[in-house]
Amino acid sequence: MAKDNYKEMISIIKEISITYFFYQDRVRRSNNGMLGSTNLEDAKSYIQNTNQAFNQLTDEEKDIINNEFFYQDYADWWIKKYSRGDFQKKKKIAMHQFINYFSEVNNAN
């Protein structure tokens, strides 16, 4: 996989993550009566599609995507599990899978 493609995948998943949390906050505020009766169907659909794509990953891929992009507890979480080379390979695969599943889910809806 080309280096530019790797950086592009990182950028795509970061954008998915940012949008996911933005929409989650928007829906939460709406449920708490903090927002007016705005149309939240797009937000709810985005959250559902992201979760559906995530749920199609293997447990290992979920672990990588979660820790690298969604719930970043600490930078070197992977060191006790993988060598640097193994982690980079597995991360590329996980990113590729997540983007593919996300695209499939969004194209289907």
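The values are calculated or read from the model by the stated rules, or taken from the named source; none is laboratory data. Keep in mind that what you see is a predicted model, and the values were worked out from it rather than measured. Neighbour counts are summed over all protein chains in view; Cβ atoms, including those assigned to glycine, are modelled from backbone coordinates with ideal geometry. For accessibility, only protein heavy atoms count, side chains too; no ligands or nucleic acids. Shrake-Rupley method; radii C 1.70, N 1.55, O 1.52, S 1.80 Å.
For the range 3-103, what is the accessible area per residue in Å², given a 1.4 Å probe and the full set of protein chains? Please list the in-between numbers first.
Values: 6410 Å² over 101 residues.
Counting only protein heavy atoms, the per-residue value for the range 3-103 is 63 Å².
Run the paramagnetic zone check for residue 44: 7 angstrom along Cα to Cβ, then residues of the range 87-109 with backbone nitrogen under 17 Å. Residues passing the 17 Å test: 109.
Take every Cα pair under 8 Å in the chain that's 6+ residues apart, average their separations, divide by the length, and report that relative contact order as a whole percent. Before the final figure, lay out the partial values.
Values: 67 pairs, mean separation 37.0, N = 109.
After rounding, I find 34 percent.
Bridgeable lysines around residue 7 (alpha carbons under 17 Å apart, same-chain partners fewer than 8 residues away excluded): 89, 90, 91, 92.
Look at the dipole of the chain built from charges on Cβ: of 58, 79, 99, the Cα furthest out on the positive end belongs to 79. Work through the residues other than residue 67 whose Cβ is under 13 Å from its Cβ and net out their charges, Lys, Arg +1 and Asp, Glu -1. Taking every Cβ under 13 Å from that of residue 67, the sum is -2. For the range 6-109, the alpha carbon convex hull comes to 106 Å³ per residue, rounded to a whole number.
All other residues with a Cβ under 14 Å from the Cβ of residue 24 taken together, and with Lys, Arg as +1 and Asp, Glu as -1, what is their net charge? My count for the surroundings of residue 24 gives +2.
The figure for residue 86 is an accessible area of roughly 70 square angstrom, using a 1.4 Å probe on the protein chains alone. Each other residue within a Cβ distance under 10 Å of residue 40 adds +1 if Lys or Arg and -1 if Asp or Glu, for a net charge of +1. Working note: Karplus 6.51/-1.76/1.60 with θ = phi - 60° gives the range 58-74 the couplings 6, 4, 5, 5, 4, 4, 5, 4, 4, 6, 8, 10, 9, 10, 7, 5, 7 Hz, where Gly and Pro are set to x.
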